[in-house]
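To start, the structure under review is shown below, and the notes come after it.
Any read-out appearing in this document is the output of simple, stated calculations on the displayed coordinates, not a laboratory observation. Being a predicted model, the structure only gives us computed values, none of them experimental. With ideal geometry, Cβ positions are generated from the backbone for all residues, glycine too; neighbour counts draw on all protein chains shown.
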């Protein structure tokens with residue numbers, strides 16, 4: 001089988017490439033996807049209660065880049081959603097990230113913006129040299145805030161306490177010295193009105209894009225002749241793990257249907273110190289869907305085969321660089337996206353990168 | 001690319017074959033589908049109001065065959081739905097098919113079951129010889145019932161009045177001499193709880209089934225080596241229309257979102273005599289979905305490229321037989337399903353047929 005572009009992986013990276021390349025009607029494009037669906041981890045679907053859920057955890061689209069927003073707006077209308085997160089601390093539901101509201105609610109104070117600056121300064125514990133993520137947090141926020149919001153959450157998230165984690169994992173703690181309790185402050189925020197999966201379908205709704213699902217590209221690679229491959233899978237897998245497997249943190253999801261209109265007061269509630277899950281997402285609050293029932297998702301970070309979070313530490317970055325060196329030398333393969341670049345990227349970033357790669361391709 | 005089975009078309013026929021063949025782990029199966037989704041005309045999806053709709057018109061699963069019901073129950077739970085249809089006649093909404101209720105409501109009578117038999121007999125108009133569908137209807141039901149329920153509906157449906165239609169189109173008019181107003185009386189009736197698309201996904205959730213979407217099989221046929229092809233597409237297309245194109249009736253769908261809980265009193269209301277559409281389907285009433293909004297679908301039968309209804313008349317059957325003769329002589333291709341057999345089949349029938357073909361294959 002002959003194609004111009006073989007795209008491995010139907011996540012947002014691969015789909016953006018496919019969409020852009022397909023604008024040239026002479027390009028024949030084949031996407032190969034291991035899962036039974038397109039959309040990567042942004043995939044959403046409806047459950048038996050007819051509630052739209054994000055199968056791989058909550059995805060909130062946010063960007064400051066108008067070009068990205070306009071580009072994706074070709075494929076979807078948006079539900080103008082502003083994400084807010086509460087953190088369950090000391091028996092209270094307190095806004096995250098840490099804002100003036102958080103501090104005043106936590107300590108039952110009535111600080112002004114200016115007083116909060118002084119307060120945070122007074123909390124900071126000078127630790128030098130900084131050897132761990134715990135040191136970063138103590139330097140940035142002091143022990144109380146660190147212990148209440150970050151210590152246990154990070155331990156759940158990575159399976160290791162911050163004191164044993166590279167400073168890169170908690171690289172800084174963001175404070176907001178005002179009452180803006182939104183999780184993101186990007187200019188553009190929203191959820192595709194009919195869901196991410198529908199948006200993704202629209203991206204590849206062109207006759208010169210074929211999609212092969214349920215297929216590991218290595219199973220069919222030999223039978224396909226291509227001019228260029230765009231590889232968005234795990235970079236170590238491409239090279240048969242020859243330098244060893246890269247480490248990822250994975251997540252186990254538990255869904256619960258509840259026979260009530262509303263389960264919690266925010267789309268996402270973090271549980272840093274209680275239970276074994278890190279957070280609970282109530283999807284109706286993200287999508288704006290109306291229903292007499294609701295579905296929630298608990299997230300249990302774990303080790304596992306499904307790669308979610310690349311380890312942002314020196315050790316694994318160094319291993320990645322061995323692979324990257326080989327990848328850079330490839331003439332007919334572009335490595336792009338979270339798994340191929342072993343880096344946690346937001347959705348807008350992968351779309352942006354694919355657009356840049358595409359522009360470069362067009363110049364070459 | 002080498003596979004054991006190349007399946008053309010991811011409708012219920014193709015998916016049943018794929019599922020059964022995949023039980024043998026040594027079988028490599030590739031499904032090629034022209035559309036961007038599996039499920040054929042049974043495909044359902046959610047719209048921007050989060051209402052589940054059947055994209056190609058209402059699909060009610062019903063069968064008397066326990067084997068089929070049990071087989072599909074591996075892939076879905078069921079919403080135990082009993083289909084009911086009303087027909088808008090003389091300004092009233094009257095149950096279809098024609099039951100004792102229909103007659104009593106239409107004529108404002110209070111006939112017993114026994115009196116209805118006499119009444120229908122008295123209505124019948126003897127026409128001989130029977131040359132058209134109109135003749136069939138007059139013989140079966142008399143002029144009034146024919147004109148109110150069937151004449152205009154059939155004209156909309158086929159674009160030709162029954163007086164010009166082969167007797168095969170209205171081959172009989174079913175009467176029910178009791179108060180059972182259900183549309184179907186099959187022992188098993190239901191709707192897949194999470195939708196047909198999800199059920200279809202489950203059918204092919206096996207590692208030895210690959211699916212290629214957005215792909216006309218002729219585009220890739222040459223690049224694939226297979227032991228056997230299962231062809232479920234239009235039989236004339238397989239043979240490049242060499243004897244001419246077979247005629248199909250198509251349907252144009254119009255969707256409307258309404259900001260109310262309920263739009264009409266039944267899942268389907270037929271409009272034999274009014275408007276240009278044949279019927280309105282309100283999907284929530286089929287799926288049992290709860291929502292403050294509702295979505296309806298109007299159906300406008302039309303000529304068109306999307307093949308829905310094979311013409312059940314002698315002329316087209318004869319053309320089909322020319323193709324069938326060639327098809328029967330093929331050694332490595334099985335022709336199965338509505339399009340390949342040029343015949344209107346219900347869902348349970350195509351599943352049953354695929355199961356029988358499969359058993360035959362296994363014996364060969």
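Assorted remarks:
- 28 Å tail of the calculated P(r), chain A, as % of Cα pairs: 50
- Each principal axis of the Cα atoms in the protein assembly as shown has its own extent, and those three values, largest first, are 105, 59, 45 angstrom.
- Other protein chain Cβ atoms within 10 Å, averaged over every residue that makes up B:34-43: 1
- Pair-distance profile P(r), taking every C-alpha pair of the stretch B:130-277, with 5 angstrom steps and integer %: 2, 6, 9, 11, 13, 13, 14, 13, 10, 6, 3, 0
- Among A:333, A:268, A:251, the largest mean-square fluctuation in a Gaussian network model of chain A (Cα springs under 10 Å) belongs to A:333.
- Principal-axis tilt of helix B:12-22 within chain B, Cα atoms, nearest 10 degrees: 40
- Percent of C-alpha pairs per 5 Å bin, the stretch A:201-261, short to long: 3, 10, 14, 17, 15, 13, 11, 9, 5, 3, 2
- Degrees separating the helix A:113-123 axis from the principal Cα axis of chain A, which is the longest one: 90
- Principal axes of the stretch B:1-71: Cα extent on each, largest first, Å: 42, 33, 16
- Chain A: angle of helix A:133-145 to the longest principal axis, Cα-based, in degrees nearest 10: 40
- Residues A:8, B:85 arranged by fewest to most Cβ contacts within 10 Å: B:85, A:8
- At R0 = 45 Å, FRET efficiency that the Cβ-Cβ distance of residue B:252 and residue A:130 yields, to 0.05: 0.10
- Distance from the C-alpha centroid of the stretch B:232-280 to that of the stretch A:1-58: 30 Å, rounded to the whole angstrom.
- Take residue A:172, push a point 7 Å out from Cα through the beta-carbon direction, and compare it with the same point in every other copy: 8.0 nm, smallest first.
- Calculated from the alpha-carbon coordinates, the stretch B:104-164 shows an Rg and a Dmax of 12.9, 37 Å respectively.
- By the compact-protein rule of thumb, 2.2 N^0.38 Å, the alpha-carbon radius of gyration of the stretch B:42-146 corresponds to a ratio of 1.51.
- Along each principal axis, Cα extent of the stretch A:191-301, largest first, Å: 54, 40, 18
- Centroid-to-centroid separation of the stretch B:289-357 and the stretch B:132-166 [C-alpha atoms, Å]: 23
- Among B:220, B:211, B:351, the largest mean-square fluctuation in a Gaussian network model of chain B (Cα springs under 10 Å) belongs to B:220.
- Cβ crowding within 10 Å, taken as a proxy for footprinting-reagent exposure, orders B:279, A:343 from fewest neighbours to most as A:343, B:279.
- Rounded FRET efficiency, nearest 0.05, which uses the C-beta distance separating residue A:182 from residue A:108 and R0 of 30 Å: 0.85
- Relative contact order (%) - chain B, alpha-carbon pairs under 8 angstrom, separation at least six: 26
- Over the stretch B:72-112: Kirkwood hydrodynamic radius from C-alpha pairwise inverse distances, Å: 12.4
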